[in-house]
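The values are calculated or read from the model by the stated rules, or taken from the named source; none is laboratory data. Quantities reported herein were computed from a predicted structural model and do not represent experimental measurements. Using ideal geometry, Cβ is built from the backbone for each residue, glycine included, and neighbour counts are taken over all protein chains shown. Remember, those area values only see protein heavy atoms, side chains included, never the ligands or the DNA or RNA. Shrake-Rupley method; radii C 1.70, N 1.55, O 1.52, S 1.80 Å.
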Amino acid sequence: MSIASTAAPAGLAALLNDEDALVAAVRGAELPALLPALAHLTGDLSLVDPALRPPLRLLPDRIEPQGGMAPAVQERARHRALGALHAFRDGGMVAAPDPDEAGLRTLMRFVSGDVGDEYLPLMAHELGLPVDAGAPGWTVDEVAPGRTLDVIVIGAGVSGLVTAHRLGQTGIGVTVLERNADVGGVWLENSYPGARLDTPNFAYSFSFAQEPAWPHRFSTRADIHAYLAGVADRFGLRGRIRCGHEVVAATFDDGTRRWTVRARRDDGSEVALQADAVISATGQLNRPKLPDVPGRDAFAGPAFHTARWRHDVDLTGRRVAVIGTGASAYQVVPSIVDRVRSLTVFQRTPPWMLPTPDYHEPIPPAERRLLRDLPTYHRWLRYYQFWTSVDGRRPFAEVDPDWHEAGSVSARNAALRRALEAHLRRRFGDRPDLLAKVMPDYAPGAKRMMRDNRVWPAALKRAHVELVTDPITRIVPEGVHTADGRLHDADVLIHATGFHASDFLAPIRVSGRGGRDLHAWWAGDARAHLGVHVPGFPNLFCVFGPNTGLVINGSILLFSEIAVHHILGCLRELLTRGARTVEVRPAAHDAYNAAVDAGNARMAWGVATVNSWYRNAAGRASQVWPFTLLDYWRMVRVPDTADFRWD
Ligand code: NAP
C-alpha cells in the first residue's frame with residue numbers, strides 16, 4: 001500500500017467534494033510542497049514541471065515567499081494543482097503507488113534543484129520515504145542470537161527520546177534515567193512566558209514521527225512539549241523511562257567491562273544500575289547560568305532564571321528587571337511587557353535580528369486542512385523547509401581570509417550585515433536613542449540571531465520600558481546598579497542569562513578506564529570524536545555532544561538521529577565481532593578535533609571575539625559544528641571501524 005493511500009482518505013474525499021475549501025486550500029498552500037505532494041498522490045510526475053520550479057533564491061536575510069516563484073508561475077502552478085485534484089477526484093480517488101527511486105529523485109529535485117546525488121539519501125531520510133528511512137533495520141536476535149546488551153540513557157529530552165526509540169527497535173535493553181518528572185528536557189524546563197521555537201517547525205520534528213497538525217510554523221513550547229510527550233507514548237517509550245532519577249555518577253569497571261550508573265531519586269535515596277553501555281543525552285542548554293555579578297544573591301525580591309520560571313510570582317503591576325537580551329529574553333520581554341509597571345532590560349551585547357513576519361502567526365485554516373487531509377503534503381513541506389535550511393545562511397558566515405572590513409568576515413557576510421542593519425533602521429529609525437544601542441558591531445553569525453516580528457522593538461519603545469546598556473556593577477536588595485552610578489529599582493529580577501553550555505555531562509562524575517575522570521581530563525574544554533566518543537571511556541557515547549550544535553543552518557534533531565544511527569552501528573559491530581567494548585583511538589579523536597577547530601576558525605563564530613555561548617572558558621568553540629549537514633551525515637552516520645579499538 002502506498003503512503004499516500006494510507007493517510008486520511010475520508011478527509012481527502014471531504015476536501016475534494018467541497019470546491020470552495022479546495023480552492024482555498026490550493027490558494028493557501030506552499031506551492032513548492034504542494035506540487036510534489038500531488039505528483040506523489042496521483043503518480044503524475046508532469047506536475048513537477050521544471051517550468052514551475054521555485055528558484056529558491058536565498059537572499060541575505062530571508063527566503064522569498066513561495067520559493068521565489070514569479071506571480072504568473074504561481075498562478076499556473078495553482079491552476080495545475082487544482083486540475084490535478086479534480087482529475088484525482090473524478091477518477092475515483094485511487095492513490096498511486098509510492099514513486100520508485102527515479103521518481104522520488106524527480107520530486108526531490110523539483111524542490112532542491114540539481115543538487116548532487118550525495119544529498120539524496122540525507123534528504124530522503126528527512127522526507128521519511130521510504131517511511132522510517134532511518135530505522136536501524138536489524139535486531140540483536142538477528143546479528144547475535146542469544147546475546148543481550150543493556151544500555152542506560154541519561155536524559156529523556158529530544159536526544160534521549162530518539163535514542164530510546166532507535167535502541168528499542170533493535171531489541172537492545174534500554175533504561176532511560178530522567179531527573180525531571182516528565183520527558184521533554186528543555187521543552188519541559190523552559191516554561192517562561194512566550195517560550196516557543198525559533199526555527200521552522202516541520203523541520204523540527206523527528207523524521208520517524210512527522211506531524212501534520214502543527215498549529216504554527218514556529219510552535220509554542222506547549223505544542224512542542226505535547227509532541228515530545230506524544231512520541232514517548234506512541235512509541236511505547238514510557239515503560240523504559242524512569243523519571244525523577246538524576247544521574248550523579250557513572251563508573252566503568254575495567255574487570256567486568258560494564259558501567260555502573262548511580263542515580264538520586266526524588267526522595268533522596270540512591271539507586272545503582274549496571275549496563276554494557278551508557279549514552280549521554282543530557283543536552284547543552286540545561287544548566288542555568290546566573291550572571292557573574294557582585295551581590296547577585298542580595299536582591300530582596302523574587303529573583304529567578306528563565307528556565308526556572310516562578311509561576312507563583314505575579315508580575316502584574318510590579319517593577320521588573322530582566323538581565324540579558326538573548327533568545328530567552330527576546331521571548332520573555334514582549335510577553336510580560338503589558339502587565340508590568342516598569343521593565344528594565346539590561347543588555348550587554350545586542351543581537352542581530354532576522355525579519356520573520358510570520359513568527360507568531362498561526363497556520364491559516366485552509367492550509368491546516370491541506371496539511372491534515374492531503375497525504376504527504378506535510379512531508380513535502382518539511383522537505384522544503386529543511387532544504388532551505390540545509391546550508392541555510394551558512395555560506396554567509398564563512399570567513400574570507402582576504403576580507404578585512406571590521407564587523408564582517410566576507411563580502412557575502414557584509415551583504416547580510418547591510419540587510420540586517422537596514423532592518424534595524426526600519427524598526428528603530430523613529431528612536432535614534434534605541435537604534436544606537438541595538439546596532440551590533442560584530443559580524444552576523446558570530447552569535448545567534450533573533451527572530452523579529454516587531455514585538456521586541458515594540459516592547460522596547462514602550463514608555464515604561466528602558467533598555468540599559470551601562471554595565472551592571474552590583475546587585476543590591478533594591479535593584480541593580482550600573483557603571484554610570486544609577487540604581488535601577490526593581491521588585492522582581494529575571495535572569496535571562498543563558499546556560500552552562502560548555503560543561504558537557506556536568507555535574508555527573510564520570511570515571512572511565514583506569515579510573516580516568518572525564519571532567520578532569522577535559523579540563524573545561526570538552527571534546528569528543530564525532531561529538532560521540534571520548535578516549536579512555538569505552539562504551540560511553542554522547543548524543544548532542546561536543547561540537548554538534550548548529551548556529552545558522554539545519555536541525556539539531558537530525559544531528560541527534562545521525563549520532564544515534566552511528567552509536568547503533570557501533571553496538572552492532574560489537575555484537576557481530578563478539579566484542580564487549582568499543583573505544584575511540586586517540587589518534588582518530590585528535591585528528592578529528594583538529595579538523596573541527598580548523599573548520600570553526602573559518603566561520604564567523606570561530607573568529608569573532610564577541611561574547612557567545614558557542615565558546616568555552618578556554619576560548620574554543622566547543623559547542624558548534626563548523627561544516628555542512630551533509631558533512632556530518634557522511635562523517636558520522638556509519639562508523640569507520642578502523643577508528644576504534646574493539647575488545
Ligand atoms: P544566551 O543566548 O546565552 O543569552 C544570555 C544573555 O544574558 C546574553 O544577552 C548575555 O549577554 C546576557 N548576560 C549573561 N551574563 C550577563 C551579565 N553578567 N551581565 C549582563 N548580561 C549578561 O541565553 P538564552 O537567551 O537563554 O539562549 C540560549 C540558547 O538557548 C539560544 O541561543 C538558543 O540556542 C536556545 N534557545 C532557543 C529558543 C528557541 O528556539 N525558541 C529560545 C530560547 C533559547 P552577552 O550576549 O553579552 O553574553
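In region 511-525, is there at least one residue being touching a residue at least 40 places away in the same chain (Cβ under 8 Å), buried (at least 20 other Cβ atoms within 10 Å of the Cβ) and hydrophobic (A, V, I, L, M, F, W, C)? There is no residue in region 511-525 that is touching a residue at least 40 places away in the same chain (Cβ under 8 Å), buried (at least 20 other Cβ atoms within 10 Å of the Cβ) and hydrophobic (A, V, I, L, M, F, W, C). Taking the listed residues Tyr592, Tyr632, the one that is open to solvent by less than 10 Å² (accessible area, probe 1.4 Å), closer than 30 Å to Gly168 by Cβ and assigned to a helix (DSSP H, G or I) is Tyr632, with no other qualifying. Here region 422-460 is the region considered, the condition is being within 14 Å of the ligand (Cβ to nearest atom) and among the acidic types (Asp, Glu), and the residue that is least open to solvent (accessible area, probe 1.4 Å) is Asp452. Among residues of region 595-614 that are within 22 Å of Trp403 (Cα to Cα), those with a beta-carbon under 7 Å from a residue that is more than 16 Å from the ligand (Cβ to nearest atom) and small (Gly, Ala, Ser) at least six positions away or on a different chain give the pairs Asn600/Gly606; Val607/Ala601. If you go through region 365-388 and pick out every residue that is farther than 22 Å from Pro9 by Cα and surrounded by fewer than 22 Cβ atoms within 10 Å (Cβ to Cβ), you end up with 1.
Outside any loop (DSSP other than H, G, I, E, B), in contact (Cβ under 8 Å) with a residue 40 or more places away in the chain and either surrounded by fewer than 20 Cβ atoms within 10 Å (Cβ to Cβ) or of a type in the set (Lys, Arg) (or both): which single residue out of Arg105, Arg89 fits that description?
Details: Arg105 fails: in contact (Cβ under 8 Å) with a residue 40 or more places away in the chain.
When all the criteria are applied, what remains is Arg89.
Considering each residue of region 575-589, count those that are part of a helix (DSSP H, G or I) and open to solvent by less than 50 Å² (accessible area, probe 1.4 Å), and give that number. Write out each step before concluding.
Restricting attention to region 575-589, the residues satisfying the condition of being part of a helix (DSSP H, G or I) are 575-577, 586-589.
Retained after the next criterion (residues that are open to solvent by less than 50 Å² (accessible area, probe 1.4 Å)): 575, 588-589.
The qualifying residues number 3.
Is it the case that some residue within region 191-214 is open to solvent by 50 Å² or more (accessible area, probe 1.4 Å), among the small types (Gly, Ala, Ser), under 26 Å from His305 (Cβ atoms) and more than 11 Å from the ligand (Cβ to nearest atom)? Looking through region 191-214, none of the residues is open to solvent by 50 Å² or more (accessible area, probe 1.4 Å), among the small types (Gly, Ala, Ser), under 26 Å from His305 (Cβ atoms) and more than 11 Å from the ligand (Cβ to nearest atom). Residue-level analysis places Phe396 outside the set of residues that are surrounded by 21 or more Cβ atoms within 10 Å (Cβ to Cβ) and closer than 30 Å to Met93 by Cβ. For region 356-389, a residue qualifies if it is touching a strand residue (DSSP E or B) at 6+ places or on another chain (Cβ under 6 Å) and part of a helix (DSSP H, G or I), and exactly one does: Thr388. Please work out if Asp292 is within 12 Å of the ligand (Cβ to nearest atom), assigned to a loop (DSSP other than H, G, I, E, B) and out of contact with any Leu (no Cβ under 8 Å at 6 or more places or on another chain). Taking the combined requirement at face value, the residue satisfies it. Within region 461-478, the residues that satisfy the criterion of being away from the ligand (no atom under 14 Å from the Cβ) and either at positive phi or under 35 Å from the mean Cα position of the chain (by Cα) (or both) are Lys461, Arg462, His464, Val465, Glu466. With respect to the conditions (1) modelled with pLDDT of 95 or more; (2) more than 16 Å from the ligand (Cβ to nearest atom); (3) open to solvent by 60 Å² or more (accessible area, probe 1.4 Å), Ala263 lacks only one, and its number is (3).
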